[in-house]
Amino acid sequence: MQLAKRLNKLPPYLFVDINEKIAELRARGADIISFALGDPDLPTPAHVIEYMCQATHDPANHRYPETNGLPELRQAITEWYEKRFGVTLNPDREVLPLIGSKEGIGHMALCFIEPGDIALVPDPGYPPFSMGTILAGGEPYFMPLKEENDFLPDFETIPDEIASKAKLMWLNYPNNPTGATADLDFFEKAIHFAQRHNNLAICHDAPYTEVFFDGYKPPSFMQVSGAKEVGVEFHSLSKTYHMTGWRIGMVVGNAEMIDALFRVKSNLDSGIPQAIQQAAIEALRGSQDCIAEHNAILQRRRDKLIKVLAKIGLKARIPKATFYIWAKVPQGYTSIDFTKKLLDEAGIAVTPGIGYGKEGEGYVRFSLTLADDRLEEGVNRLLNWKAV
Ligand SMILES: Cc1ncc(COP(=O)(O)O)c(C=O)c1O
């Protein structure tokens, strides 16, 4: 048996060590509190589940779905974008449902990247941006997201020879893992940059636009004029409606990019189970109350954790969106050392920043997606623990 060489190009999975350690401690009976997963703890809203249960009885939903989804789902996505962002989309040419946005992100690389091609990727960043590029035979060029630049890439520092060779640029706001947000001026700058460089395609990944606090509401990349000419936006029902387990998302925007992704996908998958598509229609069109309810809970958790981190000397910005807190580790520790220490001494799991790229070194990510009583126990343990 000979596996493809491309597999050797994937970097080692940096969380292996930590995950093994957590499993080992749990096997020995330790009670580990995990701030490590970006997976909402609260359930999918009941009306969505109810609708899906009904839909499972319909024999029409027992057959192969279409790769491009139910026309009614594409219409519901179009209405949602219009209502939420004032963005008008053509449901047949500018919208494509996905089996979770991660699936579309990975496959988009196959539409643009040939062996040796470059994709501009944020560092730290959601790993599929670079892994999709590598699996397609390309090379990621990492755009550092520095705290002094509010975790936004500085396009001016990208060398011309890189920018002119790049085929794709990945952006993600509100951002995982930093919790940073971007405004419309930033998206405008990104579009100008793309226009200056052979109409480089932009993929904006936006699954966290509905997780926001303090009255702030994140914008969509598609709101900026010219966005549809150069790019697409990936979105998801995962974080908005707590539907991570159902696997449903979407990509909207440039019709040529959407068609390219459809051509790849129609040869590789057979669409999203239709009962789940029906659930998504109900989530998008039904009551949106769950968003404010979820955000009120997350904001309370955020405030509690931020206060405790400050008390124990871990510096972190207060995120206006996402359920992540990106905290600086004390001087003298790597993010892995610090994660192990926290796990060993306090039984608390976080994600080491280095797992998101070189620029993530020096940080750890706390996720707020754990039950209130576990969070309470976690903050008490932190208060009784010496960070340095
Ligand atoms: C930045 C980012 N993009 C995409 C995803 C994938 O979401 P989905 O569940 O839609 O595949 C995640 C999930 O954690 C994410 O953090």
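Computed values, structure above
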quantity: Kirkwood-Stokes translational diffusion coefficient of the range 34-123, alpha-carbon pairs, 25 °C, 0.890 mPa s, µm²/s; calculated: 146 µm²/s
quantity: Out-of-range pairs (alpha-carbon distance over 23 Å; input 167/228; 307/341; 217/358); calculated: 217/358
quantity: Amide H partners (placed H, <5 Å) of residue 34, local residues excluded; calculated: 349
quantity: Rough spin-label spacing in nm, given labels placed 7 Å along Cα→Cβ, for residue 2 and residue 92; calculated: 4.8 nm
quantity: Pairwise centroid distance, computed over Cα atoms, of the range 72-107 with the range 123-192, Å; calculated: 22 Å
quantity: Share of pairwise Cα separations in the range 206-283, more than 19 Å, in percent; calculated: 49 percent
quantity: Computed lengthening from residue 386 to residue 20, 0.36 nm per intervening residue step minus Cα-Cα distance; calculated: 129.3 nm
quantity: Rounded FRET efficiency, nearest 0.05, which uses the C-beta distance separating residue 63 from residue 147 and R0 of 51 Å; calculated: 0.50
quantity: Residue order, fewest to most surrounding Cβ atoms within 10 angstrom, among 6, 285; calculated: 6, 285
quantity: Overall form of the range 1-53 per C-alpha gyration tensor (a/c, 1.5; a/b vs b/c); calculated: oblate
quantity: Structure-based [θ]222 nm, the chain - -39500 (n - 2.57) summed over DSSP H runs of at least 4, per residue, nearest 500; calculated: -12500 deg cm²/dmol
quantity: Zero-based 5 Å bins, Cα pair distances in the range 307-388, whole percents; calculated: 3, 15, 26, 31, 18, 6, 1
quantity: Taking only Cα atoms of the range 5-158, radius of gyration then Dmax in Å; calculated: 20.7, 56
quantity: Average projection area in nm² (convex hull over Cα atoms of the range 145-203, one quarter of hull surface); calculated: 3.9 nm²
quantity: Where only C-alpha atoms are counted, convex hull volume of the chain per residue in Å³; calculated: 157 Å³
quantity: Residue 334-residue 377 pseudo-label distance in nm [points 7 Å out on the Cα-to-Cβ vector]; calculated: 3.1 nm
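Since every read-out is calculated from the coordinates, none of them should be taken as a lab result. Keep in mind the model is a prediction, meaning the values are calculated, not measured. Backbone-built Cβ (ideal geometry, glycine too); neighbour counts: all protein chains shown.
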